[in-house]
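Below is one structure, written out as structure tokens; the observations come after it.
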Amino acid sequence: YAANALRVSQPAVSKQIRIIEDELDVKLLIRKPHGIELTIAGEELRDKAEEIIALIDNTTAKLKLHNDELSGDLRLLIASNGMIPTFARKAALFAVNNPKVRMNICNGGLEIAREMLERGEIDMALMFKCSFTYDLDCLDLHSRRPLGLIMRANDALAGMNYVSVSKLAGLNLIGPVEGIEFNILRTLPIDYESLKIVATFDVPSDYVEVLRLTDYCLLCIQPSLNILESYGLVFRPIEPRIEAEVCLARLRNNDNRLVESFFDHIQTSMRL
């Protein structure tokens, strides 16, 4: 059987075994009239040889995988205020190192992100942990953002380090219609229905021009990219302070090699 598997003659196999036995100074086989039987040393050598062969096969498979150039579309949704500068740099590095991969990025709310993941319209989403992410495969990016107000820099409240939740009732607010901001508001010691909501948002940045020209304040998670100063706007957190956690989410049991490679890259390069 061994000779057939190795495609050599039986005497050649017997000779090689004798050479190994001589080198190791141990008996590996017991030859009997109707076949052979492994000694204890022979069984131990067989087990170790099987482990070595398995290790070689696994290593070869992984090396072949690395040699295969990644290609295709990688579809990422960035939920409102979810972008992290460090993540952006690492994602750009992945794109540079994989020139055949095309990054398709869109924006949307948390509920939209969940629906698009389930419909297979996106591969992953940069979003906040909430009720929409409980059964998703989430990579915690170790970034937390407070809930607060975006307002004009010359607003009276802008001179404070934070805004007490008790002051919200006297403000003209642009509030969230869904998502983590809305869920957080429900946990604050205030009646949300009593607040003066003059407008609602899905994507906070849509209201930048409105905030510049009115006394409205936008109630949202702190933006990650500091673009407010150029518009004469500032962000002030609400006290008591409540924070949201940023994560990279995908559907569980996703066997997409491109998505898996991107997840591994982000986890390794951001040292998560």
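Bear in mind these aren't lab numbers, they're just calculated from the coordinates by the rules spelled out. Fair warning: this is a prediction, and the values are worked out from it, not measured in the lab. Cβ placement follows ideal geometry from the backbone for every residue including glycine, while neighbour counts extend to all protein chains displayed.
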Requested in this report: Would you be so kind as to identify which of Ser230, Leu45, Asn107 lies farthest towards the positive end of the dipole of the chain, taking Lys and Arg as +1 and Asp and Glu as -1 on Cβ and the Cα centre as origin?
Outcome: Leu45
Report summary line: Which of Glu115, Glu229, Glu44 fluctuates most in a GNM of the chain (C-alpha springs under 10 Å)? That residue is Glu44
Report summary line: Given 105-113, 69-77, 89-97, 252-260, the highest-first ranking by average Cβ count within 10 Å works out to 105-113, 69-77, 89-97, 252-260
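Would you mind counting up the charge near Arg102? Only other residues with Cβ under 11 Å from its Cβ, with Lys and Arg at +1 and Asp and Glu at -1. Working shown, then result.
Values: positive: Arg75, Lys100; negative: Asp73.
Its environment carries a net charge of +1.
Could you give the length gained by full extension between Val96 and Ser230, i.e. 0.36 nm per residue of separation minus their alpha carbon distance, to one decimal place?
45.3 nm
Mind checking the full-extension length gain between Ile56 and Val26? Use 0.36 nm per residue of separation minus the Cα-Cα distance, one decimal, nm. Walk me through the numbers before you get to the answer.
Working: separation 30, 0.36 × 30 = 10.80 nm, distance 2.59 nm.
Extending this stretch completely gives an extra 8.2 nm.
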Query raised in the report: Roughly what would the spin-label model give for Ala153 and Ala41, points 7 Å off Cα along C-beta, in nm?
Result: 8.4 nm
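Please get the size of the charge dipole for the chain, origin at its Cα centre, with Cβ charges of +1 on Lys and Arg and -1 on Asp and Glu, quoted in debye to the nearest 20.
Working: 31 positive and 38 negative charges, 96 e Å.
Result for the chain is approximately 460 debye, rounded to the nearest 20.
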Query raised in the report: How much length is gained on full extension from Glu69 to Arg119, taking 0.36 nm per residue of separation minus their Cα-Cα distance?
Result: 15.3 nm
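Count the net charge of all other residues whose Cβ sits under 15 Å from the Cβ of Ala249, scoring Lys and Arg as +1 and Asp and Glu as -1.
Working: positive: Arg75, Arg114, Arg119, Lys129, Arg250, Arg252; negative: Glu111, Glu115, Glu118, Glu121, Asp123, Asp135, Asp137, Asp140, Glu245, Glu260.
Computed value for this residue: -4.
Restricting to the chain, compute how many DSSP beta bridges are antiparallel as a %, nearest 5. Let's see the in-between values first.
Values: 24 of 43 bridges.
Taking every DSSP beta bridge with both residues in the chain, the antiparallel ones total about 55 percent.
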